1. Would you point out the residue of region 104-121, among those that are at pLDDT 95 or above and farther than 16 Å from residue 27 by Cβ, that is nearest to the chain's Cα centre (by Cα)?
2. Taking the conditions exactly as written (in a strand (DSSP E or B) and farther than 25 Å from residue 33 by Cβ), does residue 153 satisfy them or not?
3. Considering only residues that are within 22 Å of residue 133 (Cβ to Cβ), among the small types (Gly, Ala, Ser) and not in a loop (DSSP other than H, G, I, E, B), which ones fall in region 41-73?
4. Does at least one position in region 86-101 carry a residue that is closer than 21 Å to residue 47 by Cβ, small (Gly, Ala, Ser) and in a helix (DSSP H, G or I)?
5. Restricting to region 116-126, what's the tally of residues that are in a strand (DSSP E or B) and more than 12 Å from residue 103 (Cα to Cα)?
6. Counting only residues that are hydrophobic (A, V, I, L, M, F, W, C), at pLDDT 95 or above and assigned to a loop (DSSP other than H, G, I, E, B), which one in region 1-19 is surrounded by the fewest Cβ atoms within 10 Å (Cβ to Cβ)?
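The values are calculated or read from the model by the stated rules, or taken from the named source; none is laboratory data. Values in this document were obtained by computation on a predicted structure and should not be read as measured data. Don't worry about glycine lacking a Cβ; one is built from the backbone with ideal geometry, like all the others, and counts go over all protein chains shown.
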Amino acid sequence: MTTATRLEAGEPAPDFRLSDSTGAERSLADYRGHKVVLYFYPAAMTPGCTTEACDFRDNLNSLQVAGYQVLGVSKDEPAANAEFAEQEHLNFPLLSDQDLTVHHAYGAYGEKSLYGKTVTGVIRSTFVIGEDGVVQLPLYNVKASGHVASLRKKLGID
């Protein structure tokens, strides 16, 4: 198994072009001039990912008021992300990275511990990216529950 190469604060965020849940293409470059919270989740409609996505949904207004755009990324196909977004009333784009290229570029795929075993898979991760496209805050192995509250605290958002 291989360990993912992790991004550090101050590094340029890898650009990407991915389809959202409507089939529209989105690129990180589309958000230049905006602060972005880019989070990677293992699978749509699973308990932990639903908890995390709903937490972002419920806190989206305060994040947007502070100038942040939220984007979720998974290896799910766009149709699964569309079903997830509809089912949970998600109010931010979910992007599909089925070949894991973007996951690998961000170090969000690799070895992780799951129920005491080392496995290879999606590493639940969040990246705060500045208006200039530079990683400000890379967070790896985040917990689904309580993550958004912790992130808001780190960003100084009440």
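1. Selected residue: 108.
2. no
3. 72
4. Scanning region 86-101 turns up no residue that is closer than 21 Å to residue 47 by Cβ, small (Gly, Ala, Ser) and in a helix (DSSP H, G or I).
5. Looking only at that region, the number is 4.
6. 9
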